[in-house]
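The values are calculated or read from the model by the stated rules, or taken from the named source; none is laboratory data. From a predicted model like this one, the values you see are computed outputs, not experimental measurements. A quick note on method: Cβ atoms are made from the backbone with ideal geometry, for glycine too, and the neighbour counts reach across all protein chains shown.
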Amino acid sequence: MEGILALAVTALLCAYCVRWAAGKMRLTVPTRMAVVVIFVLAVLALYGQTLR
């Protein structure tokens with residue numbers, strides 16, 4: 001349960017950082033949910049690789 005909460009908090013922090021950096025570089029800012037979904041998928045894919 002703690003791992004899921006840590007993943008959610010890290011995903012939200014990542015979403016904030018990506019959106020802030022995109023705004024500073026004057027790029028199109030992705031939606032928060034798009035960043036969270038991609039981040040969670042990437043983390044789960046990396047976790048799946050460690051199980052092999």
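General observations
For every residue, the table says whether it meets (1) at pLDDT 95 or above; (2) hydroxyl-bearing (S, T, Y); (3) over 11 Å from the mean Cα position of the chain (by Cα); (4) part of a helix (DSSP H, G or I).
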site	(1), (2), (3), (4)
I4	no, no, yes, yes
L7	no, no, no, yes
A21	yes, no, yes, yes
V29	no, no, yes, no
L46	no, no, yes, yes
Q49	no, no, yes, yes
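- Matching option when the condition is of a type outside the set (S, T, N, Q), part of a helix (DSSP H, G or I) and touching a Lys or Arg at 6+ places or on another chain (Cβ under 6 Å), among A15, A11, A34: A15
- Qualifying residue in the stretch 35-51 (condition: touching a residue at least 24 places away in the same chain (Cβ under 8 Å), on the phi < 0 side of the Ramachandran plot and not hydrophobic (A, V, I, L, M, F, W, C)): no
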